[in-house]
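Structure first, then comments.
Read the figures in this text as sums done on the coordinates, not as results from a lab. Because the structure is a prediction, the values reported are computed rather than measured. Ideal geometry is used to build each Cβ from the backbone, glycine not excepted, and the neighbour counts take in all protein chains shown.
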Amino acid sequence: MSYQSIDVRVQEGIARVALSQPEIGNPFNEVFCREWALVADELALRTDVRAVLICAEGRYFSVGGDIGMFAKNLDELPLKIRHWTANLHMGLARFARLDAPIVAAVHATAMGGAVALVAGCDVVYAARGARFGSAYTSIGYSVDAGASYSLAARMGIARARRYVLCAEVLGADEAAAAGLVDVVVDDATLLAEAERAAARLAGGPTRAYGEIRRLFRKSLMQPFEAQLEDEAQGLSKIAATADAREGIVSFVQKRKAAFTGK
C-alpha cells in the first residue's frame, strides 16, 4: 500500500516506517492518525516482517500535534480529537501487539505525541543532536498517544510526570539518563546504527520476541501469580515453535542458531 504521510518499505525482514511529511514537520495530523492505523494493520498481516524500524524524513523527526489544524475550528475540536485519537490509538495498540520488535531512530526534534510513540518502541536510538520535548502543557493540553503509559514505563512515574507537567525539553544525553533513549550516536551514523540493530532483531526468534513484548507490557498490571502463569503458558507455547527447536539443537551442536521467525 502507499500512504500520504508515511513511507513503508519491507526488505529482508525489516519494515522501514518513515514519517514522510517533511515539508510541514511530520505532524500528527488527521491524515497521519488515520494512516498510522492502516500501517499497523498492514504490518500485522504480513508474514515477512520480523523487525520494524521507525524513522522520519526532513529537518524534524516530528513537531507533534498539528496546532494549525487544531486552531481551524476550536468549537469542533473536542469531537475531532475523539476521531483522530481513535485511529492513532488503535494503530499504537496494534503496533504494540506485533511479534516484531520495534527500533526507533530519532534525529533533530521530536515533540509531544511523537515522543510518546518513540517511548513505546523496544529500542530507541537518538542522534546526539536530537531533542525530546513534552509540549502538551505549553498549549494547555493533557497527553495522548499513550504518553501516560509509555513515558512512565521508560522513565518511571515520578520522572515522567515531571517531564510532562513542566513541559521539559531534553537533549539526547539527558533523555538517555532519564531512560527515554537507549543509545546515543553521532548524527551522521544514526540510521546505519539503528538499521544494524533492526537487522540483528530481524534475524532472531520472532515468535519469542512477540511473547516477551506481550509479557513485559502487562508485567506491572496484574498480580505476580498471574504473571507467573502467563510466563509458563507463554514459554510452553513458544517451546513448540521451529525457532525454539532450532535454538536447542544449535546449542547442543555448538553452532549459531538459524532462526526463521516461525
Practice task
Give me the angle, in degrees from 0 to 90, between the Cα long axis of helix 77-96 and the longest principal axis of the Cα atoms of the chain, rounded to the nearest 10.
Solution key: 20
Practice task
Rounded to the nearest 10 degrees, what's the angle between the helix 190-202 long axis and the longest principal axis of the chain, both from Cα atoms, 0 to 90?
Solution key: 40
Practice task
Relative to the longest principal axis of the C-alpha atoms of the chain, give the angle of the C-alpha long axis of helix 242-252, reported between 0 and 90° and rounded to the nearest 10°.
Solution key: 60
Fill in the blank from the handout: So residue 176 and residue 240, fully extended at 0.36 nm per residue minus their Cα-Cα distance, gain in nm 19.3 nm
Problem - Whole-Å semi-axes of the range 89-173's equivalent ellipsoid (Cα gyration tensor) - result: 20, 16, 11
Exercise for the section: As a check on your grasp of the helix formula, calculate [θ] at 222 nm for the chain: sum -39500 (n - 2.57) over DSSP H runs of n ≥ 4, divide by the residue count, round to the nearest 500. Expected result: -14500 deg cm²/dmol
Problem - Candidate aspartates and glutamates for bridging to residue 218, where Cα separation is under 16 Å - those fewer than 8 sequence places away on the same chain excluded - result: 99, 122, 229, 230, 231
Handout entry: Net charge of Cβ neighbours under 11 Å - reference residue 17; Lys, Arg +1; Asp, Glu -1
Key = -1
Handout entry: GNM flexibility winner over the chain from 102, 54, 24 (Cα, springs under 10 Å)
Key = 24
Handout entry: Amide H contacts of residue 15 (H built 1.01 Å from N, under 5 Å, at least 5 apart or other chain)
Key = 50, 51, 52, 53
Exercise for the section: Could you list the trypsin sites (Lys or Arg not before Pro) in the range 41-79 that lie in coil according to DSSP, counting only those with at most 15 other Cβ atoms within 10 Å of their Cβ? Expected result: 46, 59, 72
Handout entry: Pairwise label distance in nanometres, residue 232 with residue 12, each label 7 Å out on the Cα-Cβ vector
Key = 4.2
Completion exercise
Counting only residues 5 or more apart in sequence or on a different chain, those whose built amide H sits under 5 Å from that of residue 184 are 126
Practice task
Give the relative contact order (percent, whole number) for the chain; include only Cα pairs under 8 Å separated by 6+ residues.
Solution key: 17
Practice task
List every residue whose amide H lies under 5 Å from the amide H of residue 109, counting only residues 5 or more places away in sequence or on a different chain, with H placed 1.01 Å from N in the peptide plane.
Solution key: 61, 62, 131
Practice task
Please give the contour-minus-distance gain from residue 67 to residue 166: 0.36 nm per residue of separation, less the Cα-Cα distance, rounded to one decimal in nm.
Solution key: 33.7 nm
Fill in the blank from the handout: residue 66 neighbourhood, Cβ < 14 Å, K/R = +1, D/E = -1, net charge -1
Problem - For Rg and Dmax of the Cα atoms in Å, calculated from these coordinates, the label among (i) 18.6, 64; (ii) 20.4, 67; (iii) 18.9, 68 - result: (iii)
Exercise for the section: Quick one: net charge around residue 98, please, counting Lys, Arg +1 and Asp, Glu -1 for every other residue with C-beta under 15 Å from its C-beta. Expected result: +3
